[in-house]
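The block underneath contains the structure these notes are about, expressed in C-alpha cells.
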Amino acid sequence: MMRRREPSTPGTLVCLLWGPIVWGLQFTAIYFGHTWFCALGASPGTTTALAAILTAAAVAAILPVAWAPARPAALAGLDRRDDDPRHLILVARAIALLSIIAALWTGAAAIVVEACELAR
C-alpha cells in the first residue's frame with residue numbers, strides 16, 4: 001500500500017508557482033546570456049540560438065503542469081482524499097498557461113531583436 005504524503009506549504013507554493021519560477025529563470029538566463037555573449041563579442045546567431053534553446057526548455061518544463069497538473073499536485077501531496085485540491089489544480093494550470101505565453105513572448109522578443117547590434 002502506498003502511503004500518501006502530507007501536503008506542505010512549500011510544496012503547494014512550488015506547485016502553484018512552477019510556471020512563473022521557470023519563466024523567471026528563463027527570462028534571467030536569456031537576458032543575462034545576451035549581455036554576456038554580446039560583451040564577449042559573440043555573433044548575433046549565438047544569442048538567437050541561446051534564446052531559442054532556453055525558450056524550448058522553459059516551455060517543456062512548464063508544460064506538464066499546464067497539460068496534466070494532477071501529477072505535479074500529487075508530488076506536492078495535494079491529492080489527499082480528505083481535501084479537495086481541484087481549485088488549486090485549476091489555479092496551477094491557469095498560471096502555467098500564462099507562464100508558457102510569457103516564456104514564448106520573452107523568447108520571441110529575444111530572437112527578433114538583435115541585442116548585440118544595439119550595443120555596438
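The values are calculated or read from the model by the stated rules, or taken from the named source; none is laboratory data. Quick caveat: nothing in here was measured; it's all calculated off a predicted structure. Methodologically, a virtual Cβ is constructed for each residue, glycine included, from the backbone with ideal geometry; neighbour enumeration extends over all protein chains shown.
Computed quantities for the displayed model
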read-out	value
Any hit, the range 40-53, residues being surrounded by fewer than 18 Cβ atoms within 10 Å (Cβ to Cβ), within 16 Å of Ala96 (Cβ to Cβ) and at pLDDT 90 or above	no
Residue that is closer than 22 Å to Ile53 by Cβ, at pLDDT 85 or above and surrounded by 15 or more Cβ atoms within 10 Å (Cβ to Cβ), where the choices are Ile111, Ile100, Ile95	Ile100
